[in-house]
């Protein structure tokens with residue numbers, strides 16, 4: 001997931017074009033993703049360069065949406081649908097972290113709760129870039145200790 005987050009953070013205009021193109025494909029669509037992405041244009045009308053298409057394909061490989069087989073990149077439309085909420089959440093988190101109004105409030109940390117079925121490799125990557133949700137909540141609670149008095 002680290003490659004996907006990096007690519008979306010640094011090339012948001014590219015992923016707008018890619019996601020619009022994939023969304024218009026029929027669900028049965030399969031084929032070489034490189035060929036699908038080569039002729040794309042960004043929202044400003046600029047063609048997507050071959051190197052940019054490869055960045056997007058490798059980022060989508062990171063989520064399992066695209067499978068690399070030699071020089072071929074096969075698109076998995078079912079996996080595309082299954083990762084929709086994840087992709088939207090990542091984009092929302094990046095947008096919030098980049099929003100200047102949130103920075104004035106202090107440091108922000110991405111906290112996650114990991115499902116028990118997550119692969120060890122994916123868990124390792126997520127833990128490198130985020131905090132455990134339970135630990136983050138405990139920090140928030142402990143930070144408020146003494147600020148409020150609770151009574152029954």
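The values are calculated or read from the model by the stated rules, or taken from the named source; none is laboratory data. Here the structure is a predicted model, which means the values were calculated and not measured. Cβ coordinates were reconstructed from backbone atoms using ideal geometry, including for glycine residues, and neighbour counts include every protein chain displayed.
Looking only at segment 101-115, count every residue that is modelled with pLDDT of 80 or more and over 19 Å from residue 90 (Cα atoms) and tell me the total.
0
Among the numbered criteria (1) at pLDDT below 80; (2) within 25 Å of residue 85 (Cβ to Cβ); (3) touching a strand residue (DSSP E or B) at 6+ places or on another chain (Cβ under 7 Å), which one does residue 67 miss?
Result: residue 67 fails condition (1) only.
Condition first: in contact with a strand residue (DSSP E or B) (Cβ under 6 Å, 6 or more places away or on another chain) and either free of Cβ contacts under 8 Å to residues at least 24 places away in the same chain or assigned to a loop (DSSP other than H, G, I, E, B) (or both). Now tell me which residues in segment 35-64 satisfy that.
Once the filter is applied, which keeps residues that are in contact with a strand residue (DSSP E or B) (Cβ under 6 Å, 6 or more places away or on another chain) and either free of Cβ contacts under 8 Å to residues at least 24 places away in the same chain or assigned to a loop (DSSP other than H, G, I, E, B) (or both), segment 35-64 yields only 47.
Is there a residue being surrounded by 13 or more Cβ atoms within 10 Å (Cβ to Cβ), modelled with pLDDT under 80, outside the structural domain of residue 15 (by TED's automatic domain parsing) and touching a helix residue (DSSP H, G or I) at 6+ places or on another chain (Cβ under 8 Å) anywhere in segment 125-134?
Looking only at segment 125-134, we keep the residues that are surrounded by 13 or more Cβ atoms within 10 Å (Cβ to Cβ), and these are 125-126, 130-133.
Checking the rest, the ones that are also modelled with pLDDT under 80 come to 125-126, 130-133.
Adding the requirement that they be outside the structural domain of residue 15 (by TED's automatic domain parsing) leaves 125-126, 130-133.
Next, only the ones that are touching a helix residue (DSSP H, G or I) at 6+ places or on another chain (Cβ under 8 Å) stay: 125.
Yes, segment 125-134 contains a residue that is surrounded by 13 or more Cβ atoms within 10 Å (Cβ to Cβ), modelled with pLDDT under 80, outside the structural domain of residue 15 (by TED's automatic domain parsing) and touching a helix residue (DSSP H, G or I) at 6+ places or on another chain (Cβ under 8 Å).
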